[in-house]
Amino acid sequence: MSLLLFAEDRLGRRENQNVERRWPHLAKGTTVRMWRRTTTILFVLILGGFGIVIASLFRLQIVQGEELEARAVNQQTQDTVLNAQRGTIYDCNMTVLAKSASVWKVIANPNYIKTDEAKQQIAAGLAKILDLDESEVLQKLQKKTYYVKIAGEVETDVKDEILKFKEENDLGYAITLEEDYKRYYPEGDSAAVVLGFTNAEHQGVTGVEGSYNDYLSGTAGKLVTARNARGSDMPFQYEQKVEAQNGCSLVLTIDENIQRILENAVEDAAAACGARNRACGIVMNVKTGAILGMTVSEDFDPNEPYVITNKETAKEIEKLEGEEKSEALREAQEQQWRNKCISDTYNPGSVFKMLTSCMGIEEGVITEDSPFTCTGHYQVADRSIGCWRTAGHGSETFQQGLSNSCNPVFMQVAERLGADTFFRYFEGFGMTQKTGIDLIGESTSIYYDAAGLGPTQLATSSFGQSFRVTPIQMITAAAAVANGGYLVQPHVVSQILDDEGNIVKTIDTSVKRQVVSEDTSRRVSSMLQYTATVGTAKNGYVAGYRVAGKTGTSEKIDEWNAQGRKGEKKYIASYCGYAPADDPEIVMLVFFDEPLSQEGQVFGSAIAGPVFAEVMSQALPYLGVEPQYTEEELTKLDAKTPSVTGDTVKTAKEKIMSQSLSSKVYGDGDTVISQIPAAGDTIPKGGTVMLFTDESSEEEMVEVPNLVGLNLSQANTAASDAGLNISISGAALTGSNAVSDTQSIKEGEKVPPGTVVEVNFVELDTVH
């Protein structure tokens, strides 16, 4: 044992000496044992470090391997959204009103473009092809990104130019093209307020585009690809594709032909009367609630919805700057997008009298022959409320009171009904609730309930004042008057189709309730037919079609009261009617908000009545409704011109005379080489057919005279003296005091002899 200790001591001293020789800086007191301990600690620390590294590698590769690989994929993959194609919108005849077509997004990948020279070259090329500012394109290419949009909604022909540019310059992934879709409206601004439009994200904003957006949108797909910075495949490269599901299509109740007839008539009349707050019109099937046409003047083109339609408004906005300009532009856009037919409320005025008539007949408080007396006013509580005819109508039956649009008669009917009964029918006709039409933006009405209908409110409500409803509410109620008393829900979509054209859903007729009996409906329709034939509504008369109609001239009394009952009174001129009265097919409402006075006329009969007649005279024959003329109508109707081209002058004259027409010969020839009007055209009986007998005579032209402001006889004479014919419409067939208010060809225009000028007649002394 001592020998072992001795050897260890000698060895220790020797190692200590070696340490001192190697590290002389160490303190003399440092022992070998301390040095060994230090070495051991260092070894353990190093070994522990390696252990931690190995454990971390195990955790990363084995435990979290899948998670981290997924993260890598997310960082190194590119998701491409595959947009679903939005469904097509058709009219009832399958005419395309809205569709989606392929367009392209131009995408740049600046990180793939290595030199400034290349970026400048690409910017110049793209700017030229896309008609963009080169500096703006270059600015986008300077960004440190793999994705920047250069342009959107690029048409296919432009896309092809870009592909050629890519190929010629070997651009690879520097420029890519992504397929997208753009919404097109082939019929332009037709039915704009019904269709609405979509925004940049392909989402519906207004109209059926908005209300049926979930059906139309479909479901977007996705393409996922793994790439490195050079665009090459990754070791775990993959591609996954989820196909987009295209949206459903809509078949509307709108008939594009009727829609165009309605739009043209309303736009022309709104411009002529200077309607300061726009005009609107609705045509609806009385039995189903299907909307055949709906329009608002000064609406918009859904292809360019942000462009202001009203040129004067656009000019005023351009004069502004900054925030003021932005705000004015926003307000103008929202105004033209607003569907006045469903979103605005108004006082319906005397049009409402058709509902009050139903109430009185149904409750038995009046009959057609009930006697009344109108002195020009009626005392209600402490107020004397006047009739539009200040001298009064004298003694009259209820039917005559409706025909005369006599306010005192209807105040008395409401008085007999009482507030509770009146409000029950008011509610029954749908005046207190939204109709539920399948368009976004429908407003609620403003009215007095039964408790709030004091004597004055009840009296004025009887003739359509003291409450506000929407046009869609009013026409829906009018349909109930026409169809046997049934309140139906209006709608603009008839079917929803899937991507393959299969019917997904059919929108059937929805009857909410029967408000009045079929007998009441029939009796009131008969009275309204009388009103439209010889009464205040005769400016809406259409020969052969037994129109039932009622005019409305309502005061914007709330605004006038707000002005302290001073200044200009503003009006709404309207007409509501349906045909044929004994078997109604369609009902129409048209109104003009704040028309300018034309020769003192701001009334529904003078402004709205002729528009109703114009639309109905075209829509009813188009729908296959055959005219049934009375004997009186037949004597005034137009005659068809016979074919006389190729006949001798003598034979031609005889043929023409047999049709109750006259003739006038131009030229010195013996044979008719052409005629005006052409064979089969219609002109009033007694009109003139022009016969041309040589080529020189065919070149003659005549000047159109002024045919406005004349009675029928005067208009006929003026046209005949000028070598022209007229075709008459409106009150000329029924009214003894009718005068012409419009002519289809302007005064002073040069036309061939015999040309037919359409002239409309109205009764200007009729105000309601």
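Of note, Gln336 does not satisfy the criterion of being touching a helix residue (DSSP H, G or I) at 6+ places or on another chain (Cβ under 6 Å) and either farther than 30 Å from Tyr185 by Cβ or crowded, with 19+ Cβ neighbours inside 10 Å (or both).
For region 678-697, check the following and say yes or no: at least one residue is among the charged types (D, E, K, R), under 40 Å from the mean Cα position of the chain (by Cα) and either at pLDDT 85 or above or within 29 Å of Thr533 (Cβ to Cβ) (or both). Yes, region 678-697 contains a residue that is among the charged types (D, E, K, R), under 40 Å from the mean Cα position of the chain (by Cα) and either at pLDDT 85 or above or within 29 Å of Thr533 (Cβ to Cβ) (or both).
One residue stands out among those in region 257-288 that are closer than 15 Å to Ala191 by Cβ and touching a Leu at 6+ places or on another chain (Cβ under 7 Å): the one that is surrounded by the most Cβ atoms within 10 Å (Cβ to Cβ), which is Gly281. Considering Gly723, Gly669, the condition of being surrounded by fewer than 18 Cβ atoms within 10 Å (Cβ to Cβ), in contact with a Ser or Thr (Cβ under 9 Å, 6 or more places away or on another chain) and either outside any strand (DSSP E or B) or at pLDDT 90 or above (or both) is satisfied by Gly669 alone.
Applying the condition of being basic (Lys, Arg) and more than 23 Å from the chain's Cα centre (by Cα) to region 405-450 and asking which residue is farthest from Ile472 (Cα to Cα) yields Arg416.
The set of residues from region 390-417 being within 14 Å of Glu362 (Cβ to Cβ) and surrounded by fewer than 22 Cβ atoms within 10 Å (Cβ to Cβ) comprises just one member, Arg416.
For region 449-500, a residue qualifies if it is assigned to a loop (DSSP other than H, G, I, E, B) and farther than 19 Å from Gly360 by Cβ, and the qualifying residues are Asp449, Gly454, Thr470, Asn483, Gln489, Pro490, Val492, Asp498, Asp499, Glu500. Of all the residues in region 583-593, those that are at pLDDT below 95 and either touching a helix residue (DSSP H, G or I) at 6+ places or on another chain (Cβ under 7 Å) or within 17 Å of Ile291 (Cα to Cα) (or both) number 2.
Quick grid of which residues meet (1) over 24 Å from His491 (Cα atoms); (2) in the same structural domain as Val493 (by TED's automatic domain parsing); (3) touching a strand residue (DSSP E or B) at 6+ places or on another chain (Cβ under 9 Å):
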position	(1), (2), (3)
Ile258	no, no, yes
Leu262	no, no, yes
Gly274	yes, no, yes
Phe300	no, no, no
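Each residue in region 349-379 was checked for being hydrophobic (A, V, I, L, M, F, W, C), surrounded by fewer than 24 Cβ atoms within 10 Å (Cβ to Cβ) and touching a Leu at 6+ places or on another chain (Cβ under 9 Å), and 1 pass. Looking at (1) closer than 27 Å to Asp582 by Cβ; (2) in a helix (DSSP H, G or I), which one does Asp420 not meet, given that it meets all the others? In the conditions (1) closer than 27 Å to Asp582 by Cβ; (2) in a helix (DSSP H, G or I), Asp420 misses (1) alone. In the condition set (1) under 30 Å from Ile342 (Cβ atoms); (2) in contact with a Gly (Cβ under 6 Å, 6 or more places away or on another chain), Ala191 is compliant with all but (2).
Number of residues in region 100-145 that are closer than 30 Å to Tyr185 by Cα, surrounded by fewer than 19 Cβ atoms within 10 Å (Cβ to Cβ) and not hydrophobic (A, V, I, L, M, F, W, C): the value is 5.
Conditions (1) in the same structural domain as Leu195 (by TED's automatic domain parsing); (2) over 22 Å from Gly418 (Cα atoms); (3) of a type in the set (A, V, I, L, M); (4) modelled with pLDDT of 95 or more, marked per residue:
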residue	(1), (2), (3), (4)
Met354	no, no, yes, yes
Val365	no, no, yes, yes
Ala381	no, no, yes, no
Gly386	no, no, no, no
Thr397	no, no, no, yes
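Name the residues in region 129-167 that are under 19 Å from Asn111 (Cβ atoms) and charged (D, E, K, R), would you? Lys140, Lys143, Lys144, Lys149, Lys166 - these are the residues of region 129-167 that are under 19 Å from Asn111 (Cβ atoms) and charged (D, E, K, R). Ser461: more than 30 Å from Tyr90 (Cβ to Cβ) and crowded, with 22+ Cβ neighbours inside 10 Å, yes or no? Judged against the criteria, Ser461 is a match. One residue alone among Thr717, Thr651 is assigned to a helix (DSSP H, G or I), within 30 Å of Ala606 (Cα to Cα) and of a type in the set (S, T, N, Q), and that residue is Thr717.
Selection within region 629-648: residues that are in a helix (DSSP H, G or I) and out of contact with any strand residue (DSSP E or B) (no Cβ under 8 Å at 6 or more places or on another chain). The member of this set that is surrounded by the most Cβ atoms within 10 Å (Cβ to Cβ) is Glu633. Thr476 meets all of the listed conditions (1) within 30 Å of the chain's Cα centre (by Cα); (2) more than 18 Å from Thr356 (Cα to Cα) but one, namely (2). The residues of region 161-176 that are surrounded by 13 or more Cβ atoms within 10 Å (Cβ to Cβ), of a type outside the set (A, V, I, L, M, F, W, C) and without any contact (Cβ under 8 Å) to a residue 60 or more places away in the chain, listed by number, are Glu161, Lys166, Asn169. When region 488-522 is filtered for residues that are farther than 21 Å from Ala579 by Cα, loosely packed, with under 14 Cβ neighbours inside 10 Å and in contact (Cβ under 8 Å) with a residue 60 or more places away in the chain, the ones remaining, listed by number, are Gly501, Val504, Ser510, Arg513. Residues in region 167-207 that are in contact with a Phe, Trp or Tyr (Cβ under 9 Å, 6 or more places away or on another chain), within 17 Å of Ile150 (Cα to Cα) and either acidic (Asp, Glu) or assigned to a loop (DSSP other than H, G, I, E, B) (or both): Leu171, Glu178, Glu179, Asp180.
For region 138-177, which residues satisfy the criterion of being among the hydrophobic types (A, V, I, L, M, F, W, C), more than 19 Å from Asn83 (Cα to Cα) and in contact with a helix residue (DSSP H, G or I) (Cβ under 9 Å, 6 or more places away or on another chain)? Answer for region 138-177, where residues must be among the hydrophobic types (A, V, I, L, M, F, W, C), more than 19 Å from Asn83 (Cα to Cα) and in contact with a helix residue (DSSP H, G or I) (Cβ under 9 Å, 6 or more places away or on another chain): Leu138, Leu141, Val158, Ile162, Phe165, Leu171, Ala174, Ile175.
The values are calculated or read from the model by the stated rules, or taken from the named source; none is laboratory data. This one's a predicted model, so the numbers in the text were calculated from it and none came from an experiment. Cβ: placed from backbone, ideal geometry, glycine included. Neighbour counts: every protein chain shown.
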